[in-house]
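J.: The structure follows.
The values are calculated or read from the model by the stated rules, or taken from the named source; none is laboratory data. Because the structure is a prediction, the values reported are computed rather than measured. Positions of Cβ are generated from backbone atoms using ideal geometry, with glycine treated the same way; all protein chains shown enter the neighbour counts.
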């Protein structure tokens, strides 16, 4: 059987078309899928890298504050820790202009993790919006370990800038149970034993 030139050209073109489709199916499609997968993984890795860079930057920014807190405020006994937080809260209320100062009541001491104890205190007081805002700002910028656990602000008289503040705060101190553990924590936090 002899093929005419036209039939031979149609056969060559058909073979080329099938070859291109086969190469596309076997080589190009898998390569494109692999490229898309690599692109997706690069985007994920870039996001993870950015998150970790943010954490490292934040840790570096907060390291000096943590060192200041641990040098000046992290105590080793419940009585000094309680005295420290009660004195600080009273001082912050005076600086904020709250008159009378808030009433403070020590609630309980709980074990917090392996190395710390937590002292919880309830505070109630009155003041206007500006006084309470300044009072709360001291908690945000404190260089002693303090946490606001609960906060309720309510109006004492409707239509007036006379507010009542009720809050639960806590501070921590190093657990006195084992001197070797405390030395390890002191070395890690920068507190001198």
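J.: In this structure, does residue 75 turn out to be within 30 Å of residue 127 (Cβ to Cβ), touching a strand residue (DSSP E or B) at 6+ places or on another chain (Cβ under 7 Å), surrounded by 11 or more Cβ atoms within 10 Å (Cβ to Cβ) and without any contact (Cβ under 8 Å) to a residue 40 or more places away in the chain?
T.: So residue 75 does not fit the description; no.
J.: With (1) in a helix (DSSP H, G or I); (2) surrounded by 10 or more Cβ atoms within 10 Å (Cβ to Cβ) as the list, and residue 3 as the residue in question, which single condition is left unmet?
T.: Unmet for residue 3, out of (1) in a helix (DSSP H, G or I); (2) surrounded by 10 or more Cβ atoms within 10 Å (Cβ to Cβ): (1).
J.: Could you tell me whether segment 153-167 includes any residue that is surrounded by 13 or more Cβ atoms within 10 Å (Cβ to Cβ) and closer than 17 Å to residue 81 by Cβ?
T.: no
J.: State the number of residues belonging to segment 144-182 that are in a loop (DSSP other than H, G, I, E, B), modelled with pLDDT of 80 or more and more than 28 Å from the chain's Cα centre (by Cα). Let's see the steps before the verdict.
T.: Residues of segment 144-182 that are in a loop (DSSP other than H, G, I, E, B), as a first pass: 144-146, 156-162, 175-178.
Narrowing the set further to residues that are modelled with pLDDT of 80 or more leaves 144-146, 156-158, 160-162.
This time we only want the ones that are more than 28 Å from the chain's Cα centre (by Cα), so: 156-158, 160-162.
Residues that pass the stated criteria total 6.
Residues are listed down the side, and each one gets a yes or a no for (1) assigned to a helix (DSSP H, G or I); (2) farther than 14 Å from residue 146 by Cβ; (3) modelled with pLDDT under 80:
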| residue | (1), (2), (3) |
| --- | --- |
| 50 | yes, yes, no |
| 53 | yes, yes, no |
| 57 | yes, yes, no |
| 60 | yes, yes, no |
| 64 | yes, yes, yes |
| 81 | yes, no, no |
| 84 | yes, no, no |
| 88 | yes, no, no |
| 92 | yes, no, no |
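J.: Of the residues 119, 191, 185, which is under 25 Å from the mean Cα position of the chain (by Cα), outside any loop (DSSP other than H, G, I, E, B), surrounded by 14 or more Cβ atoms within 10 Å (Cβ to Cβ) and at pLDDT below 85?
T.: Of the residues listed, the single one that is under 25 Å from the mean Cα position of the chain (by Cα), outside any loop (DSSP other than H, G, I, E, B), surrounded by 14 or more Cβ atoms within 10 Å (Cβ to Cβ) and at pLDDT below 85 is 185.
J.: Sticking with this one: Give the residue, chosen from 78, 64, that is assigned by TED's automatic domain parsing to the domain that holds residue 117 and within 30 Å of residue 175 (Cα to Cα).
T.: 78
J.: Any residue at all in segment 123-143 that is at pLDDT below 85 and either under 28 Å from the mean Cα position of the chain (by Cα) or not in a helix (DSSP H, G or I) (or both)?
T.: yes
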